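Structure, as structure tokens:
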Amino acid sequence: MIPFSVLDLAPITEGSNASQAFAHMLDLAQHAERLGFHRYWLAEHHNMPGIGSAATSVLIGHVAGGTKTIRVGAGGIMLPNHAPLQVAEQFGTLASLYPGRIDLGLGRAPGTDHATAHALRRYFEAADMFAQDVVELLHYFEPVQPGQAVRAVPGAGVEMPVWLLGSSLFSARLAAQLGLPFAFASHFAPDAMDHALTMYRREFKPSKRLQEPYAILALNVVAADSTAQARRLFTTLQQAFVNLRRGRPGLIPPPIDDIEGYWTPLEKSGVEQALACSVVGDAATVREGIAAFIERHRPDEIMLTANVFEHVARVRSFEIAAQVCRTLG
């Protein structure tokens, strides 16, 4: 059985607020720990009313403090928004508080729109320096050398698994060159998935961090006690993608009975392409879908995400998914 993990965005639903979203986030993480999930990752986004995980490292600390064994990390930190030294200090602090449980995933995108990227100050100057910034960040986690002028305190000498994340070939190639594990954002940008995986595995160079390639693929999984119920729950994510493409991102909407009346044919085509890596249904349907996804793409680990409006239904979805994954040995 390959490991199965959770990707969360701390969703803020209509009628809710950030405080409730964070309470639900911690509750889901505690359920994930009991259900046998391997990791619980949070992703950095900005200026998105329905996504509460902007201060990603703060939430990682909150989740790690409320759990005991599950690995907690960033999927990911958008490195061009930050100075590498600050990221090393933040995650050196987290790793010192929760030894052996913290992961650091790094992305190159801004995690937001053009105007907000400008407001973040660093992105447009730093995006072209991503590869150099990754190398600099890795250096800060190495033991301090004699005469080293700048060190991460804490961070230097801390064991910190570092991942590269991506939805294109760029990060796949860089991860291979640096000998780092790689996670592909197939849950919303699946087009280059197969090519990126092939490139990563073919060009991988062993490093002191990793001897063999290791790839995570992300998968939308919405499970319920009936397939009809799961499909209705899935309309929340479908609506959210339509709203984003219309330039009107908002709070996470409740499910609806007729998604066909919500989108245009062109919007439907675009959303279905973006969400092609999705498994929706009852336990039997989800088992078949996850098994087929693993058989086709051969990931080393799968990371499940589920943007479900009601928290109880979301927890139930992950519960069914965990039960399914445990049968796929």
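The values are calculated or read from the model by the stated rules, or taken from the named source; none is laboratory data. Since the structure is predicted, the reported quantities are computational estimates derived from the model, not experimental observations. Note that we place each Cβ from the backbone using ideal geometry, even for glycine, and neighbour counts take in every protein chain shown.
Worth a mention:
- Only a single criterion out of (1) of a type in the set (A, V, I, L, M, F, W, C); (2) surrounded by 15 or more Cβ atoms within 10 Å (Cβ to Cβ); (3) more than 19 Å from the chain's Cα centre (by Cα) is not satisfied by Ala218, namely (3).
- Of all residues in the range 226-255, those satisfying the criterion of being of a type in the set (Ser, Thr, Tyr) and surrounded by fewer than 17 Cβ atoms within 10 Å (Cβ to Cβ) are Ser226, Thr227.
- Residues that are surrounded by fewer than 24 Cβ atoms within 10 Å (Cβ to Cβ), of a type in the set (S, T, N, Q) and not in a helix (DSSP H, G or I), drawn from the range 177-201: none
- Taken together, the residues in the range 74-89 that are without any contact (Cβ under 8 Å) to a residue 60 or more places away in the chain and under 13 Å from the mean Cα position of the chain (by Cα) amount to 3.
- Residue in the range 261-273 that is out of contact with any His (no Cβ under 9 Å at 6 or more places or on another chain), touching a residue at least 60 places away in the same chain (Cβ under 8 Å) and not assigned by TED's automatic domain parsing to the domain that holds Ile51 present: yes
- Listed here are the helices (runs of 4 or more DSSP H) enclosed by the range 234-329 that have at least 1 residues being touching a helix residue (DSSP H, G or I) at 6+ places or on another chain (Cβ under 6 Å), closer than 24 Å to Leu42 by Cα and not hydrophobic (A, V, I, L, M, F, W, C): 311-325.
- Of the helices (runs of 4 or more DSSP H) lying entirely inside the range 71-176, those carrying at least 2 residues that are farther than 17 Å from Ser53 by Cα, at pLDDT 95 or above and in contact with a helix residue (DSSP H, G or I) (Cβ under 6 Å, 6 or more places away or on another chain) are 84-97, 130-140.
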